[in-house]
Every structure is written in structure tokens, then in C-alpha cells.
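First up is the structure itself, then whatever we jot down about it.
Any read-out appearing in this document is the output of simple, stated calculations on the displayed coordinates, not a laboratory observation. This structure is a prediction, so every number in the text was calculated from the model and none was measured. Heads up, the Cβs are rebuilt from the backbone with ideal geometry, glycines too, and the neighbour counts pull from every protein chain shown.
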Amino acid sequence: MLVGDDQRDGSASRMYAYPMNDRLAKLQKILAMDPNDTFVLYGIGQEHLRAGDHPAAIEMFEATLKVDPAYCYAYYFKARSQHASGDLAAARLTVQAGLQAAHKAGDQKAAGELSTLQIELAEAR
């Protein structure tokens, strides 16, 4: 459940009403009903990424891509997690695969973001 427009202080920011582990538990319950739900797989990956658990995030982004190889942002965040884990070579390969998927899908926005990440990773050591 999101808290936002009804906040008493009038702020426009949206905050989660549940801590990360509650969101993760809810997503895992939903995933149990449909283990091929790419939106939920990706969401679980995002939760692990936010928590700094890069190996678990990578695993969930890989699961997302196994179900839907055209889920372009899963490549992006998988590469980010790989880089954060110190695996720069794998991150670069993931970005290349993501760029191919984005071009094939005609997803210009994802291709642009993956291209920017590719430049960042080319300059990284």
C-alpha cells in the first residue's frame, strides 16, 4: 500500500507504507501464484537491489530474463548489480545483451539508458 496524496503534511512524495521485508514477502506470495510473472520477478530483484543484496538481485533479474528476454530494464539493473558486485566484465556483457534486446524490441528509451551505462562501464576500472 502506498501513502501519498493523503499524507497529512501535504507533501507530494510517495513513500511505501511497509518496510522492504514486508514488500518482499508480499511479492514472494504473489510469485508463488505465478512463478513466471516477470513484473513480480523484476520487482523482487528491485527489492534486493535496494537492500544491497546484489547476488539475489542478479538472480531475480536473470529469472526475469529467462521468462522474457525482451525485458530490457532487467538487463540494465542486472548489469548495475554485477558492477556493484565487482564483476565488471559480466556487467559489460549484460549491457551488450540488453542493447541487442532493446534494439530488437524497438525500445529506444531502454537502448539509450543501456548505451549510457555502456559508456560508464567502459570508463570503469
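List the relative contact order of the stretch 67-125 as a percent without decimals, with contacts defined as Cα pairs under 8 Å and 6+ residues apart. List each step's numbers first, then the result.
Working: 59 pairs, mean separation 21.4, N = 59.
Worked out over the stretch 67-125, it gives 36 percent.
Computed over the alpha-carbon pairs of the stretch 17-125, the distance histogram in 5 Å steps reads 2, 14, 23, 22, 19, 11, 7, 2, 0 percent, short to long.
Counting neighbouring beta carbons within 10 Å and listing from fewest to most, the residues Met60, Met33 come out as Met33, Met60.
Here the 3J(HN,Hα) profile of the stretch 63-69, calculated from phi with Karplus coefficients 6.51, -1.76 and 1.60 at θ = phi - 60°, is 5, 4, 6, 5, 6, 9, x Hz, Gly and Pro shown as x. Taking the Cα centre of the stretch 20-123 as reference, the dipole from Cβ charges on Lys and Arg (+1) and Asp and Glu (-1) amounts to some 100 debye. A full extension of the chain between Ala32 and Ala124 corresponds to an added length of 29.3 nm, given 0.36 nm per residue minus the alpha carbon distance. Entry note, the stretch 33-110: relative contact order of 24 percent, from Cα contacts under 8 Å with a spacing of 6+ residues.
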